[in-house]
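In what follows, a structure is listed as C-alpha cells, so that the remarks can point back to it.
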Amino acid sequence: MTRFPLILLHHAGGSARVFDALVAALPAHIEPVPLDLPGRGRSWREQPATSAEEAVDWLVERTAHIDGEFAVFGHSLGAYLGLALVARLEEREGGMRCSTLFASANSGPVGAVLPFEGSALATGDEEIFRIAEASGGFVDERLRGHAQLRERAARLLRADFALSQSFLNKQRRCVTEAEIVVCCGADDVFSAQQLEQWRLNSTSGTEIHRFPGGHFYLEDHAEGVADVVAAKLTRTTAQTVS
C-alpha cells in the first residue's frame, strides 16, 4: 500500500515528541515524517538554525527522499516553517508537491506581531521564557532548578524565536498553492480574525478547525486532529487517483 507522507514540524523550543500522540492516532495510509529541528531530539548534535532560510535549506535536504504529493502539519513555529518550505518547493519544477498545509496553533503571518523588540538572539533567559509563556507555550518549572538544562532550553528558544522573527521580517506574505487547514485550541491566545488571516497565504482556500484545549491541544485531542487530517488527505488521494 502506498502511504501518503505527512511532514511534522514542531513548535519553538520543542521537538518532534509533541506529535507522539498524533502519530499513534493516524491511520495506516498516512506516513508520518516527524522532524527534529537542529539542536534537539535526533538532531541534537547539529547547531540550531537562526534564520528561516537556513532552516528551510535544512528541511529541503531532510525531505528530499519524498517523491510526489505530500502534506505538512506545522505546530506553532512549525506552521510558519511549513509555509516557507512548501513555498520554496513550489519554485522548483516537478518533484514534490504539497497538497495541504495544516497550520496549527499560530496566527496568519501577514498580520502577526512579534512578541519582542530587537533581536531574539540578544534576549535574556528570563525574558525569553516570559515570551514563550505569553505566546501560549509552556516552560517546565523543573528548569528553574537545573542550570544546564535551563541554559540549553533558553538557547533553543532564542534560536527558534529568531527563526520566527526572520520569517516574519522577510517571508510573511509568501503564498502557496496548497490548501491551508488551520487547527487551533479554543483556549489558545489567537483570535478568530488572526486565524482567518491564513487565507492570505493560499491560492487554494483555507478552513479552520477549533479543538478543546490550549496551545498544546493536539496532545490531549490527537484522535480528533487525526480525524481531520485523515479526512482531508483521503479526499486528496481520491482526487489524485481519479
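Derivation of every value follows stated rules applied to the coordinates shown; laboratory data play no part. Just so you know, these numbers come straight off a predicted model, no measurement behind them. Don't worry about glycine lacking a Cβ; one is built from the backbone with ideal geometry, like all the others, and counts go over all protein chains shown.
Note on VAL189 and VAL110: the model spin-label points, each 7 Å out from Cα along the C-beta direction, lie 2.3 nm apart.
Find me the longest stretch of the chain that has none of the exposed GluC sites (Glu not before Pro), where exposed means in a DSSP loop (not H, G, I, E or B) with at most 12 other Cβ atoms within 10 Å.
The longest such stretch corresponds to 118-242.
When the trypsin sites (Lys or Arg not before Pro) in segment 149-186 are filtered for DSSP coil states and for at most 16 other beta-carbon atoms within 10 Å of their beta-carbon, the remaining sites are ARG173.
Under a 5 Å amide H cut-off, with hydrogens placed 1.01 Å from N, PHE4 pairs with ILE30, GLU31 among residues at least 5 apart or on other chains. Along segment 197-207 the Karplus relation, 6.51 cos²θ - 1.76 cosθ + 1.60 evaluated at θ = phi - 60°, assigns HN-Hα couplings of 5, 4, 4, 6, 10, 9, 8, 10, x, 9, 9 Hz to successive residues, with x for each Gly and Pro. Fully extending the segment from ILE208 to GLU61, taken as 0.36 nm per residue of separation minus the present Cα-Cα distance, adds 49.9 nm. Using C-alpha pairs under 8 Å with a sequence gap of at least 6, the mean separation divided by the residue count of segment 1-149 gives a relative contact order of 21 percent. With axes computed from alpha carbons, what is the tilt in degrees of helix 222-241 against the longest principal axis of the chain, rounded to the nearest 10 within 0 to 90? For helix 222-241, the angle is close to 40 degrees.
For the chain, what is the calculated [θ] at 222 nm in deg cm²/dmol (nearest 500), taking -39500 (n - 2.57) for each run of four or more DSSP H residues and dividing by its residue count? Walk me through the numbers on the way to the answer.
Values: 8 runs with 94 residues, N = 242.
Calculated mean residue ellipticity at 222 nm is -12000 deg cm²/dmol.
Which residue fluctuates the most in the chain, going by a Gaussian network model with Cα springs under 10 Å, if the choices are PHE102, PHE161, PHE129? Fluctuation is largest for PHE129.
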